[in-house]
1. By the gyration tensor of its Cα atoms, with a ≥ b ≥ c the square roots of the eigenvalues, what is the shape of the range 26-176: rounded for a/c under 1.5, prolate for a/b over b/c, or oblate?
2. Ranked from highest to lowest mean number of other Cβ atoms within 10 Å per residue, what is the order of the peptides 94-105, 64-75?
3. Working out 0.36 nm times the residue gap between Asp129 and Phe85, then minus their Cα-Cα distance, what length gain in nm do you get to one decimal?
4. Could you sort the peptides 110-121, 145-156, 160-171 by per-residue average Cβ neighbour count (10 Å cutoff), highest mean leading?
5. Once you place label points 7 Å from the Cα toward the Cβ at Arg156 and Ile38, how far apart are they in nm?
6. Let me check I've understood the local charge: for His148, count other residues with C-beta under 12 angstrom from its C-beta, Lys and Arg +1, Asp and Glu -1. What total comes out?
Amino acid sequence: MPTNRPRRPASEPAAARARRPPRRRAPRATQPSLSLSIQLGEGVDALPATRARLRRLAAAAIDADATLALRFVNEREARALNAQFRHRDYTPNVLTFPYHAAGERISADIVICVPVVKREARAQRKAPDDHLAHLVIHGVLHACGHDHQHAGDAARMQAVETALLARFGIDDPWRR
């Protein structure tokens, strides 16, 4: 099809491209919004990580808008919550209590037992901060609907955890 534009020499397209302004990238999809409340239970005197770090960990793991409470507790409170709501008589490292229905904004309380996190990190020879990061992400993923009751679900959840932790420079927690 004939055009009215003059033909350019073969070498000109590269030079013409070099003079063009750079292409603008498409804007990133907006990140889900996060409303995060951080609480200390009785007997827990200090946060085990900075508020900023806890927020970054939670924000990395959400896949939709979320309202989360992250509560750091002692063994007595963790064990009582586990007994009351899960009918299990032991002290867990993390508990997640989702309150939202399908399709609604994610809403959950995530309870982390600080002494258990420290004890497990020591026993597993992991940095306590890395183990804490893993459990924050694990709890948030539960709030988002992930589960590990079945082998396939567990493998998927572990893969997501590993990928998210890698973004923070943390090794795969499942590798022994």
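No lab work stands behind these numbers, since they all come straight from the coordinates. Please read these numbers as outputs of a predicted model, since none were measured by experiment. Quick reminder, even Gly has a Cβ in these numbers, built from the backbone with ideal geometry, and neighbours come from all protein chains shown.
1. Working: a/c = 1.36, a/b = 1.21, b/c = 1.12.
Rounded.
2. Numbers: 94-105: 13.5, 64-75: 19.4.
The peptides rank, most packed first, as 64-75, 94-105.
3. On the way: separation 44, 0.36 × 44 = 15.84 nm, distance 2.76 nm.
Value of the extension gain: 13.1 nm.
4. Values: 110-121: 20.6, 145-156: 12.1, 160-171: 15.8.
Result, highest mean first: 110-121, 160-171, 145-156.
5. 3.1 nm
6. Details: positive: Arg156; negative: Asp147, Asp153, Glu161.
That works out to -2.
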